[in-house]
1. Inside segment 45-58, can you point out the residues that are surrounded by 18 or more Cβ atoms within 10 Å (Cβ to Cβ) and assigned to a loop (DSSP other than H, G, I, E, B)?
2. Could you please find all residues in segment 59-73 being open to solvent by 40 Å² or more (accessible area, probe 1.4 Å) and of a type outside the set (Lys, Arg)?
3. Select, from PRO94, PRO77, the only residue that is open to solvent by 30 Å² or more (accessible area, probe 1.4 Å) and at pLDDT below 95.
4. Just to confirm my filter: which helices (runs of 4 or more DSSP H) fall fully inside segment 126-236 and include at least 1 residues that are surrounded by 20 or more Cβ atoms within 10 Å (Cβ to Cβ) and charged (D, E, K, R)?
5. Could we say that VAL96 is free of Cβ contacts under 8 Å to residues at least 24 places away in the same chain and in contact with a Pro (Cβ under 9 Å, 6 or more places away or on another chain) here?
Amino acid sequence: VNSSTKDSATPRTMPPKRASSKETQAEKHYREAIDEVAEEYVCPITAELPIDPVTAEDGRCYERCAIEEWFARQPQPQLKSPVTNEPMGKRLLPAVQVRNTLKRLVESGAISGSKADAWKKAMAEEAELAVLRQRAEGGDAKAMTKLGFGYRDGEQGLKEDAIHPFLWMKRAADLKENEGLCACANFYLSGEGVERSNSRGIAMLATAAALGSEYACGVLGRANQEGCYGFDKNPQ
């Protein structure tokens, strides 16, 4: 009797309720829907989520720099869509809603994985670039030089070209920033991004050398030794 009384008085622990299969299916469908949306936004050229999305005349969404490079490689005027291979024009419209939607989906965690990570990294680089450009345009000579190197090397989210590196280095050189002086001198000596001028290049190297640039001193020494850039050959 005592045993049965004791058993009846002991509370029984009930196992926790499991999530219903209906809820699990709903979550699965939600994830699949989000993944499908993300795939619709992926640039067909870069296979990544675009940072600066644009809508082209073929109705597709692209990363701006990627579709512009595609246009530049196509024979004129026979431009064709990289997706459909059908003729198309070069008009591009900013896809502001796509950008805002991607921002919300990635930042909320609805879109995750390698594509989301790459998008976050690119957005961080874009923010850093905006700060760097603001500093350069505000008169910071070192920022001008860094921006020039970014254009020269195609880094920090910048499109590589031949003109912008020289323009920014020249602005830095005018402010007597040593790296900018040396880089601008190299542009003059090589004729990249500007008409070649040995005299201007050597003058800038001389200024940089006077300001303490070991690099400028080395280039001037080799030019004197080998007889280039207008120097008479002098092994001494």
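The values are calculated or read from the model by the stated rules, or taken from the named source; none is laboratory data. These figures come from a predicted structure and were not determined experimentally. Here the Cβ is made from the backbone with ideal geometry for all residues, glycine too, and neighbour counts use every protein chain on show. Note: accessible area is taken over every heavy atom of the protein model, side chains too, but ligands, DNA and RNA are not part of it. Shrake-Rupley method; radii C 1.70, N 1.55, O 1.52, S 1.80 Å.
1. Result: LEU49, PRO50, ILE51, ALA56, ASP58.
2. Restricting attention to segment 59-73, the residues satisfying the condition of being open to solvent by 40 Å² or more (accessible area, probe 1.4 Å) are 59-60, 64-65, 68-70, 72-73.
Within segment 59-73, GLY59, CYS65, GLU68, GLU69, TRP70, ALA72 meet the criteria.
3. Working: PRO94 fails: at pLDDT below 95.
Selected residue: PRO77, the only one of PRO94, PRO77 that is open to solvent by 30 Å² or more (accessible area, probe 1.4 Å) and at pLDDT below 95.
4. Working: elements: 141-153, 163-174, 178-190, 198-210, 214-226.
Hits in segment 126-236: 141-153, 163-174, 178-190.
5. On the way: free of Cβ contacts under 8 Å to residues at least 24 places away in the same chain: yes; in contact with a Pro (Cβ under 9 Å, 6 or more places away or on another chain): yes.
The answer is yes for VAL96.
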